[in-house]
Number of protein chains: 2
Amino acid sequence: MSPDCIFCKIAAGEIATRKVYEDDVCVAFNDLSPQAPTHILIIPVGHIDSLDTAKSNEENVLGHLLSAAAHIARDKGFADAGYRVVINTNGDGGQTVFHLHVHLLAGRPFDFPPG
Amino acid sequence: MSPDCIFCKIAAGEIATRKVYEDDVCVAFNDLSPQAPTHILIIPVGHIDSLDTAKSNEENVLGHLLSAAAHIARDKGFADAGYRVVINTNGDGGQTVFHLHVHLLAGRPFDFPPG
């Protein structure tokens, strides 16, 4: 846990958040500034700054974040309609919180380019 | 390999493509309709229709696609500036080729919402 990281505090339950999914590896909750009818953030419980800083032995965590996204999509009933998964890294990517998070967006058609 | 899948043919070398990265698990090449100065697609060598249909024993492949994105970003020198990773699933997501692919976009700032 990184002491000043808001997402670490959410994962640890120190900041109350209604979780839409959780297991030993990740926690998922609704984005506070939703960009689509469904906008969920999926974060690893263990602190990782970004996709750029994930270590080779954290590849299993990265895979689990994506399979959790697919699981949530099926569980919430929007998998067949479709969804978009986005990971922003550093400035050009638009990363604002430096605890790795996967955006899971659904509930409307998404344009291309993706931003 | 899925017989009519264009990305399987690219992965197998049956369609000539200048690969920007490859290993035993994935292949990366430039998108033919780039949406940013850098727009790379990263695909698994083994056919997976989409994130929605990836099996639980393919979680390691999903993780590897993301770590390959981070590796390419660092190798090509745009990791510090930043980048966006996108996976489209089914209709609303904007998925057009049903062989799982990770979009790796860089070289300009990306807006939010991501499409």
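Of (1) part of a helix (DSSP H, G or I); (2) closer than 18 Å to A:Leu62 by Cβ, B:Leu104 satisfies all except one. Which?
With respect to (1) part of a helix (DSSP H, G or I); (2) closer than 18 Å to A:Leu62 by Cβ, B:Leu104 is out only on (1).
Note down all Cβ pairs under 6 Å where the first residue falls in the stretch A:39-59 and is free of Cβ contacts under 8 Å to residues at least 24 places away in the same chain, the second is open to solvent by less than 10 Å² (accessible area, probe 1.4 Å), and they're at least six residues apart or on different chains.
From residues that are free of Cβ contacts under 8 Å to residues at least 24 places away in the same chain, the pairs are A:Glu59/B:Gly63.
Counting only residues that are crowded, with 24+ Cβ neighbours inside 10 Å, within 7 Å of chain B (Cβ to nearest Cβ) and farther than 15 Å from A:Pro34 by Cβ, which one in the stretch A:86-115 is nearest to the chain's Cα centre (by Cα)?
Top of the filtered list is A:Ile87.
Tally the residues that are among the aromatic types (Phe, Trp, Tyr) and either surrounded by fewer than 20 Cβ atoms within 10 Å (Cβ to Cβ) or farther than 29 Å from B:Arg74 by Cα (or both), restricting the search to the stretch A:6-46. I'd like the intermediate steps shown before the answer.
Step one: filter the stretch A:6-46 for residues among the aromatic types (Phe, Trp, Tyr), giving A:7, A:21, A:29.
From what is left, the residues that are either surrounded by fewer than 20 Cβ atoms within 10 Å (Cβ to Cβ) or farther than 29 Å from B:Arg74 by Cα (or both) are A:21, A:29.
Number satisfying all stated conditions: 2.
Given (1) of a type outside the set (A, V, I, L, M, F, W, C); (2) surrounded by fewer than 17 Cβ atoms within 10 Å (Cβ to Cβ); (3) more than 10 Å from chain A (Cβ to nearest Cβ); (4) not in a loop (DSSP other than H, G, I, E, B), where does B:Asp49 come up short, assuming only one miss?
Evaluating B:Asp49 over (1) of a type outside the set (A, V, I, L, M, F, W, C); (2) surrounded by fewer than 17 Cβ atoms within 10 Å (Cβ to Cβ); (3) more than 10 Å from chain A (Cβ to nearest Cβ); (4) not in a loop (DSSP other than H, G, I, E, B) leaves (4) as the failure.
Of the conditions (1) part of a helix (DSSP H, G or I); (2) without any contact (Cβ under 8 Å) to a residue 12 or more places away in the chain; (3) not aliphatic (A, V, I, L, M), B:His71 clears all except one; give me its number.
Result: B:His71 passes all but (2).
Would you be able to say whether some residue in the stretch A:59-75 is modelled with pLDDT under 95 and open to solvent by 20 Å² or more (accessible area, probe 1.4 Å)? Spell out how you get there, then give the answer.
Taking the stretch A:59-75 and keeping what is modelled with pLDDT under 95, we get none.
Checked the stretch A:59-75: no residue is modelled with pLDDT under 95 and open to solvent by 20 Å² or more (accessible area, probe 1.4 Å).
The values are calculated or read from the model by the stated rules, or taken from the named source; none is laboratory data. The structure presented is a predicted model; accordingly, all values stated were derived computationally and were not measured. Cβ atoms come from the backbone with ideal geometry, glycine included; neighbour counts cover every protein chain shown. Accessible surface areas use protein heavy atoms only, side chains included; no ligands, DNA or RNA. Shrake-Rupley method; radii C 1.70, N 1.55, O 1.52, S 1.80 Å.
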